[in-house]
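Take a look at the structure below.
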Amino acid sequence: MSFANPIAWFLALAAGPIIVFYILKLRLRRLPVSTNLFWKQIYDEKPPRSIWQYLRHLLSLLAQLLLVAFLAAAVADPFFAWQLLEARRIVVVVDNSASMRASDIAPTRLQAAIDSAKALVEGLRFQDEMAIVLAGPRPEVVVGMSGHVPTLKRALEEIAPSDNPTDVESAIELGRQLIGEHPHGEVVVVTDGCWDAMVKPEGGQEVKLETKLAPVTYRVFATEAANVGITQFQVRRSLIDPLGYEVLIAMRNAGPSEVKCRVEMELAGLPVDILPLTLKPEEHWSRSLEKSSLEGGRLVAKLTQVAATASTSGDKPTESKAALNLLPTDDTAWAVLPEREIQKVLLITEGNLFLQKVFEANPLVRVETRKDFPDQWPADTLVVLHRQVLPLLPAGNLLVVDPAGSCDAWDLGETIENPIVTELDSASRLMTYVRLDNVLMPESKQLKYKSPPKVLAGAISKDAIYAEVTRANGKCLVLTVNLDRGDLAFRTAFPILVANALGWYAGETGELRESLATGSTAEVQLDIASQGERSAPLLRSPSGREQTLFPPADDETKKNTEESRNEAPQAASSISVGPLDECGVWNVVKSASEAETPLMSLAVNLASARESDLRPPREMAEQTTAESVVSNWLARPLWFYLLFAACALFLAEWFLYQRRVIT
Amino acid sequence: MMPFEFTRPWLLTLLLVAAPVLIAFFVRSLSDFPRRQRIVSLVTRSLIVLLVILALAGFTLLRPTDEQFVMILADQSLSVGDDGAKRVNEYLDAALRNTGANRVAYLPFGVAPGIVQNERIIYGESPSLMGEQDKSPGAAKAPSTEKSPLRDGTNLAAAMEAAAGYLPPGYVPRIVVFTDGNETHGDALATASRSRMPISTVPLPTRSEPEVQVSEVKVPAEVREGEPFYVEVTVHSNHDDEGLIEVFRGDHKAISEQKKLTAGENVFRFQQSIERDRLAAFSARVSGLKTDTLLDNNMDSGLVFAAGKPRVLIIESDPTLIRDLAYALEDEGIQADIRPPQGMPETLSDLQNYELLMLSNVPATALTQQQMEITRTYVQELGGGFIMLGGEQSFGLGGYYKSTLEEILPVRSDFEKEKEKPSLGMVLVIDKSGSMDGDKIEMAKSAARSAAELLGNRDQVAVLAFDGDTYVISEMQSASNKGKISDEIGRIESGGGTTMYPAMEMANEILMSTPAKLKHVIILTDGVSSPGDFEGLAQQMTSAKITVSTVAVGEDSDTTLLDSIARIGKGRHYATTDPAQVPQIFAKETVTASKSAIDEQPFVPQVIRATHALREVDMESAPFLLGYVMTRPKPTCEVILATEKGDPLLAWWRYGLGMTAAFTSDAKSRWAAEWMTWPGFGKFWTQVIRQTMRKSDARGIVVDTKRQGGAADLTVDAVSDLGQFLNGAEVELTVIDPQLKREKSILRQAAPGRYVSSFPTPRQGAHHLEIALKQNGQVVYRQSRGLMVGYSDELRIKPTNEQLLKSVARVSGGAYAPPPESLFAATDQTVTRPTQLWPFLASSALALFILDVALRRIDFSLHWPFRSLGGAAPHLRGV
């Protein structure tokens, strides 16, 4: 046995005064009495110095010395070597993912799990240590290794439910790391089992220290609860229809009953579609829907009117609506549909109605037609030069049709009378949906390019008929055909060529703003310079929490405050925002003003078929070892038992003394 | 908030028990002390019991503290050089002077966190801190260049997570990271944004030792055939130097130029084009430098795919004979490369350049097991096409029986021997000497069994084995007793010397008494036999119409003698160092000797099954073919053409993702002399090849791969011919790593038309990706991609990533590059630290107890008399 505080044995010196008190011959009190006749009689009946009399005194001393010994030994804090060796290092991994919000276990799975973790804390033995780790998208340490029960309990009470998915394996890995090579390490996972084993890159695992891995035990808090949820919701602009968009929605009926439900969709507050659905048990349902809108905005899908079908409800009349759909988090999903930008086109032509109408027919194009060159070339505008060519081509995006002169990019050659297209770059997106093979291209101009162009359509004579000219100050396409002389095949293909070209000039940006999964972080592009604002933009969560994305440039002192989370360096245009751990639409806004249009919106959904399925895998339920970490005798330090014994002895000794059993 | 708390508050209920006991016995006391003294005694005892119960209930003082626990995270990855170590040491020297009551611990990390230390890390001199791996003596001397698995990477995120777990409550937590910020694993910013404690970052310089590295070889993912493109080689150097930049395309050196390197980034562009390859790996190497420290980072690669005409690789024993077919294919827009069997691709990358592999008259014995395995992978996993043409060295005659290639072919190499064919008597003479132990004897037994299986019912076979003596393993008997023969062969066990002559003599004797039309002996040995008149015996056997073939296994065999026996014995001689080839050799020998697998009578091909693939080919007008190899169709194959006898002529089937075909006649002058002048010849072969080859359609599917930190992300955008997103498709990804390990996965649909997946890339080298997009069970699109994984990211020496370190500090509420003096500076933050009070409570109880005893032993009323003294009779007082 060892002592943590051996110096406390000095307290045993208290036995000294007690023994002194014992041997102290006390002066008897003098009391006048009328007679002492009775004394003799009593002395005859009972000898005054019986053995018991002596024993009573000895027992009294013994009890008092024992009390001194108990107290002194307790303060010396004794412990057995085996207690130290048996001390455990436990990491409790708490799964607080979205599925833990389910209330099939009262009050919620998370609360039940936390209560169970608290019981573990209560069972901590002397010298044991425990840490608590949250299994979110990334493992998060709630409290480091500690043996202090109230601290651990407080940490558990702080755990709040979240909308996040789970990565239990990373949390277990961190737990094992914290346990190290401790001989009595254990990772206890309190979870509902609703997570998939993640695929980890092998790279990190190959170089691990070769440690004995601490065992993992699971406590599963889940029942075979049913749920219907939206597991995916994405919107993407169509590649062919300038106004069109496509919605991908996936649902999962993770339950044993067939259910009827409705999915109601709204775009910017206006109803878009209502889908009545009947989902079979275990059905993964998904559909893509084609819609059209110029404006874009917030697209919301809501799952409503969940009910059992007639056949199912007949079998199970008691099945309530809530029992079919236990998790509300995945009943609403959000997506952000990018707005379509209107493309400005400046058409410079001496008059060609066909060309003009081709542009005007496109709903995303605003055409301005001129006969002569403007004094100043407008910015952000596609310039279409028909026939007329400047010696120095203007900067920016340019489409040259039927050039009638030379410029800095080419010299005009002869006219080729009736070239036939023999070479075609069918892989280029500029040539999508058109077939120009063997099409006659009347009065094509032969151009001698100053740097080799990328030929999109070429004649047998190797001359480029439609080409992309490489230049530093903008994109440029050249079509050398006389539009007025083109045959039907060419005239049919030309509007498609123009539509392809417009898409190519516009780039693919804005076509897809992916809805993110909860718990992720996102890189967003913000043009900070153009904001021209002194105040930093804010990231506003769906529930209204605000976080500053940038600290004010000249106020370095503020950067350590809570508010400055989620910001990135001032100069960078790509900013990392997150963790986006709440379902809904997150907005980046210029200031805290409510009515302001957001600079950028990010839709965040649970979007996890596994989280929506509230049933634990069978093997997980079987793996449960509920009483893996139990306390036992001598779970508490020895001082506790010594004090407890002292307390009892104090009371016992009080009784014995007061009743004169001992003196 | 109350600054006290109870750990076990329920134990306070003890007071409810204690108080009545104390009071009840006080009331019923027999003590004769004055009442006042007894009251004082009661109070004292009550106080004692209260103190003990408070101690038991875990009475704890909660006091606020600003004492800090600083966890120093020290990046010990390879990218941090000696300068970094110096910087940390200087910093800690200055900072630790102000430690005060604060506590500090150290956690070294690399690709994973190391072990927490309470002692200060002597940076750069104590590599053992990183774990067991670094305990080598060499590491102690040169820690900075020692390559340890833990140092070969930087995982800031994992280190920060671990540090948070090690920080004990009761102190103001603080994490300080010394790093260059060049993380190779994990996402430090994401972790920092979730951190509950401030993380300060101190930037360290990256290596300052003279260092030159090829940072990147940038090539376009896909180019058109012949299109010029640039191979952009980025070389980073931290000093001015001069070196030879070499660019290799595959194994061929394309460029070699001496270049001057300046400190910083050097970009060299070399124009290249791809004429014939489908997949080209461009590697750039810098060498001949004046000074350089790490050599592993002097080479890097990039892969480029070339879209263009389909390409076919034809392997033919005599390449001149197949030229006509190649010309015919080129006329139809298929490029054909012809190689002799020695040119059979050894790597998957080489084979991936082609859409189809055609073997024309190549025996199995000319191919290695590895080449056959690669071919199977190419067909099964990468969707490549494979055709075997007939010839005297093809199918069974080529020894393909039970080989890997037979497995992928739609026909079997064994067949029902026709009755009119001459019967064969064969003796297998197998060396069972001690040196044959292990693989060799097992392969020999397997070969002997295969040989017996290939024989017809009217054929006879005997098996002899020899070491110092000769043993009859299996008597001459009908080959129909396959089970018995196989059992007997199984009894051969190796051991003893090598005396071959008596065995050969016995084989001769056995065959002399066997009434077969054809007689053949196969002798297998791996050593040098005791002398004998082998040539004389061979001569004698030849005159008795017995043919002898010899097989030499291993390098120690007497190949000269064996070759001579085979030559005189009018058989064939084989020499191999790979025992795995023995079964193929025996199979080839058996089929060749039985002279039954070839039919050289002219025939007109019969169309068995009309197929879209042969549209516009007028098979009716097809001329005679002059011969073919007999095979048997496999149950699920499609026999398109057959001979007049009903044997398969053209058969194909799907094998895995690819397709294989067997054409049992040939495409050269021996059997197809008439066909070569037939106008449909080119069209027939083009269409058969187009049917069988890998169909790769780049349109409609855009593949993007990104690699970072041991994993690659794959994004596939799929659009139909009409430009609509392809939804609900099954997109299958097959990744074949540099060690040919295959991993299949299904991509997850992430948005309309978009499918994503990620897969680990732990090994260096070329990874082949095959993406197949299926709708309703049909493959709609298929694409191949290559992904080159170069040297470890840790060795890509980049400047300190200050941007990341600043962001980490700011999002977690820490400071970037805090001055050393501020490391332990008090902050506004305080935490409550619990102090357990039980030792004080117990000590106080003990002190009070002395008073308690005194109150019983001394009658204080005698010294300080009270006015009224009550009590019991004086004789009941204390002693």
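Counting only residues that are within 30 Å of A:TRP654 (Cα to Cα) and among the acidic types (Asp, Glu), which one in region B:813-864 is farthest from the other protein chains (Cβ to nearest Cβ)? Only one residue tops the list, namely B:ASP852.
Of all residues in region B:282-318, those satisfying the criterion of being in a loop (DSSP other than H, G, I, E, B) and out of contact with any Asp or Glu (no Cβ under 9 Å at 6 or more places or on another chain) are B:LEU295, B:ASP296, B:SER317, B:ASP318. Residues in region B:214-236 that are basic (Lys, Arg), at pLDDT 70 or above and either over 23 Å from B:SER784 (Cβ atoms) or more than 25 Å from the chain's Cα centre (by Cα) (or both): there are none. Kindly indicate whether B:GLU209 is over 30 Å from B:PHE305 (Cα atoms), assigned to a strand (DSSP E or B) and either free of Cβ contacts under 8 Å to residues at least 24 places away in the same chain or acidic (Asp, Glu) (or both). No. Quick one: is B:ASP666 within 25 Å of B:GLY385 (Cβ to Cβ), touching a residue at least 40 places away in the same chain (Cβ under 8 Å) and more than 10 Å from chain A (Cβ to nearest Cβ)? Here the answer is yes, as B:ASP666 does meet what is asked.
Whether any residue in region B:669-691 is within 12 Å of chain A (Cβ to nearest Cβ), buried (at least 19 other Cβ atoms within 10 Å of the Cβ) and either in contact (Cβ under 8 Å) with a residue 60 or more places away in the chain or within 30 Å of B:VAL617 (Cβ to Cβ) (or both) is what I want to check. No: zero hits. Checked against (1) more than 12 Å from chain A (Cβ to nearest Cβ); (2) of a type in the set (D, E, K, R); (3) in contact with a helix residue (DSSP H, G or I) (Cβ under 9 Å, 6 or more places away or on another chain), B:ARG785 passes all but a single condition, namely (3). A Cβ distance below 8 Å, combined with a sequence gap of six or more or placement on separate chains, defines the contacts here; from region A:637-648, residues that are in contact (Cβ under 8 Å) with a residue 24 or more places away in the chain reach residues that are of a type in the set (Asp, Glu) in the pairs A:PRO637/A:ASP77; A:LEU638/A:ASP77; A:TRP639/A:ASP77.
Filtering region B:512-519 for residues that are basic (Lys, Arg) and in contact with a Gly (Cβ under 9 Å, 6 or more places away or on another chain) leaves a non-empty set. Only residues that are in contact with a strand residue (DSSP E or B) (Cβ under 6 Å, 6 or more places away or on another chain), crowded, with 16+ Cβ neighbours inside 10 Å and in a loop (DSSP other than H, G, I, E, B) were counted across region A:467-510, and they come to 2.
Condition check for B:TYR354 on (1) assigned to a loop (DSSP other than H, G, I, E, B); (2) exposed (fewer than 15 other Cβ atoms within 10 Å of the Cβ): one failure, at (2). Search region B:747-764 for residues being of a type outside the set (S, T, N, Q) and more than 8 Å from every other protein chain (Cβ to nearest Cβ), and hand back the single one that is surrounded by the most Cβ atoms within 10 Å (Cβ to Cβ). Ranking the qualifying residues of region B:747-764, first place goes to B:TYR755. Going by what's in this entry, would B:LEU30 be described as facing chain A (nearest Cβ under 8 Å) and surrounded by fewer than 20 Cβ atoms within 10 Å (Cβ to Cβ)? Here the answer is yes, as B:LEU30 does meet what is asked.
Taking the conditions (1) touching a strand residue (DSSP E or B) at 6+ places or on another chain (Cβ under 8 Å); (2) surrounded by fewer than 19 Cβ atoms within 10 Å (Cβ to Cβ); (3) in a loop (DSSP other than H, G, I, E, B) in turn, B:PRO345 satisfies each one other than (2). Looking across region B:174-209 at every residue that is surrounded by fewer than 21 Cβ atoms within 10 Å (Cβ to Cβ) and acidic (Asp, Glu), the one that is farthest from the other protein chains (Cβ to nearest Cβ) is identified as B:GLU209.
Each row is one residue, and each column tells you yes or no for (1) polar (S, T, N, Q); (2) crowded, with 17+ Cβ neighbours inside 10 Å; (3) more than 24 Å from B:SER413 (Cβ to Cβ).
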{"site": "B:GLU442", "(1), (2), (3)": "no, no, no"}
{"site": "B:GLN460", "(1), (2), (3)": "yes, yes, no"}
{"site": "B:VAL472", "(1), (2), (3)": "no, no, yes"}
{"site": "B:ARG491", "(1), (2), (3)": "no, no, yes"}
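Inspection of region B:261-281 identifies no residue that is under 30 Å from B:SER669 (Cβ atoms), in a loop (DSSP other than H, G, I, E, B) and touching a Leu at 6+ places or on another chain (Cβ under 9 Å). Please name all residue pairs, on different chains or six or more residues apart, with Cβ atoms under 9 Å, provided the first residue is in region B:53-82 and is within 30 Å of A:LEU649 (Cβ to Cβ) and the second residue is at pLDDT 90 or above and part of a loop (DSSP other than H, G, I, E, B). The qualifying pairs are B:LEU54/B:LEU837; B:ALA55/B:LEU837; B:GLY58/B:LEU837; B:PHE59/B:LEU837; B:THR60/B:LEU837; B:LEU61/B:LEU837.
Consider region B:43-66 and keep the residues that are within 9 Å of chain A (Cβ to nearest Cβ) and farther than 30 Å from B:ARG103 by Cβ. The one that is surrounded by the most Cβ atoms within 10 Å (Cβ to Cβ) is B:VAL52. Of the helices (runs of 4 or more DSSP H) entirely within region A:100-199, those holding at least 3 residues that are away from chain B (no Cβ under 14 Å) and surrounded by fewer than 24 Cβ atoms within 10 Å (Cβ to Cβ) occupy A:109-122. Are any of the residues in region B:13-25 within 13 Å of chain A (Cβ to nearest Cβ) and touching a residue at least 60 places away in the same chain (Cβ under 8 Å)? Among the residues of region B:13-25, not one is within 13 Å of chain A (Cβ to nearest Cβ) and touching a residue at least 60 places away in the same chain (Cβ under 8 Å), which makes the answer no.
Residues that are in a strand (DSSP E or B) and among the small types (Gly, Ala, Ser) within region B:447-485 comprise B:ALA462, B:ALA465, B:SER474, B:SER478, listed in sequence order. Residues of region A:242-300 that are part of a strand (DSSP E or B), without any contact (Cβ under 8 Å) to a residue 60 or more places away in the chain and charged (D, E, K, R): A:GLU246, A:LYS260, A:ARG262, A:GLU264, A:GLU266, A:ASP273, A:ARG287, A:GLU290, A:LYS291.
Residues considered: A:SER535, A:SER541. Of these, the only one that is out of contact with any strand residue (DSSP E or B) (no Cβ under 7 Å at 6 or more places or on another chain), modelled with pLDDT of 60 or more and over 30 Å from A:CYS476 (Cβ atoms) is A:SER535. Can you say whether B:VAL40 is more than 10 Å from chain A (Cβ to nearest Cβ), closer than 30 Å to A:ILE662 by Cα and either touching a Phe, Trp or Tyr at 6+ places or on another chain (Cβ under 9 Å) or without any contact (Cβ under 8 Å) to a residue 24 or more places away in the chain (or both), as far as the supplied structure shows? Yes. Return the residues of region A:85-120 that are in contact with a helix residue (DSSP H, G or I) (Cβ under 6 Å, 6 or more places away or on another chain) and farther than 23 Å from A:SER162 by Cα; say none if nothing qualifies. Across region A:85-120, the qualifying residue is only A:ARG89. Region A:564-663 holds helices (runs of 4 or more DSSP H) entirely within its bounds, and those carrying 1 or more residues that are within 14 Å of chain B (Cβ to nearest Cβ) and at pLDDT below 90 map to A:609-612, A:638-658.
The values are calculated or read from the model by the stated rules, or taken from the named source; none is laboratory data. Since we're looking at a predicted model, the values are computed, not measured. Cβ coordinates were reconstructed from backbone atoms using ideal geometry, including for glycine residues, and neighbour counts include every protein chain displayed.
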